[in-house]
1. Span-like helices, the chain: DSSP H, alpha-carbon axial extent 20 Å or more, mean Kyte-Doolittle -0.5 or greater, which ones?
2. Once you order the gyration tensor axes a ≥ b ≥ c over the Cα atoms, which shape class does the range 1-90 get: rounded for a/c under 1.5, otherwise prolate or oblate by comparing a/b with b/c?
3. Let me spell out the model: positive unit charges on the Cβ of Lys and Arg, negative unit charges on the Cβ of Asp and Glu, origin at the Cα centre of the chain. What dipole size does that give, in debye rounded to 20?
4. Once you have the Cα-Cα distance between residue 52 and residue 84, take 0.36 nm times their residue separation minus that, and quote the gain in nm to one decimal.
5. Inverting the mean 1/r over all pairs of different Cα atoms, compute the Kirkwood radius of the range 9-169 and quote it in Å.
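Rule-based calculations on the coordinates, nothing more; no lab input. Keep in mind that what you see is a predicted model, and the values were worked out from it rather than measured. We place every Cβ from the backbone using ideal geometry, glycine too, and count neighbours over all the protein chains shown.
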Amino acid sequence: MPLLNVGDPVLDLGCGCGVPATAILAELYAVTGVDLSPVQIARARRLVPAAEFRCADMSTVEFPSHCFAAVVAFFSIIHVPLEEQPAIFKSIYRWLRPGGYLLATVGSVAWTGTEDDWHGAPMYWSHADRATYLALLKETGFEVLWTRFIPEGTGGHTLVLARTPTLPSPASGEGDER
Ligand SMILES: C[S@@+](CC[C@H](N)C(=O)[O-])C[C@H]1O[C@@H](n2cnc3c(N)ncnc32)[C@H](O)[C@@H]1O
């Protein structure tokens, strides 16, 4: 049974150049992509003309409450400093409609650090372990539906599908204006 309807509004946080995920989503949904990198946003606008894009930091970007049916964040939140991530999950919770979905890559094991040569450039990661993310999502008000281990090299990440309750929960900070 499909979780979304054709035309539903979907946010792709940390969309990169929009290929492949944003492009695939944009075939069925009204997608907004957000990325910190102006170069990636310029590529995404060219590669995925059907989607809307905003060059913005996911830690500070703002959207109206309950405006998305789903938020995806593939391999992106894990590049934001860990201490900023709880507020991002709160924002996502607020942007989602009741019964909305979050599909995100989070950590499998805890690690914060930098690699000097990640495909030719320095790269920063910051993530907690799987159990910490599941606790954080539940604390934020999400119901965790499933998780999958996504292998990468000698390690890997966790893909999690979570859902907001059908009725907004008072624990969510509903009404907060952040
Ligand atoms: C590894 S790429 C993943 C891109 C895409 N989601 C994918 O799976 O192909 C991580 C992306 O997150 C973006 N990013 C990192 N920190 C961000 C932030 N604070 N706000 C928005 N985007 C961010 C980067 O610019 C980069 O394009």
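1. Helices passing the filter in the chain: none found.
2. Details: a/c = 1.80, a/b = 1.17, b/c = 1.54.
Judged from the Cα gyration tensor, the range 1-90 comes out oblate (a/c at least 1.5, b/c at or above a/b).
3. Values: 12 positive and 19 negative charges, 88 e Å.
Roughly 420 debye, rounded to the nearest 20.
4. Values: separation 32, 0.36 × 32 = 11.52 nm, distance 2.50 nm.
Gain on stretching residue 52 to residue 84: 9.0 nm.
5. Values: mean 1/r = 0.0628 Å⁻¹.
Taking the inverse mean of 1/r over all distinct Cα pairs, the range 9-169 comes out at 15.9 Å.
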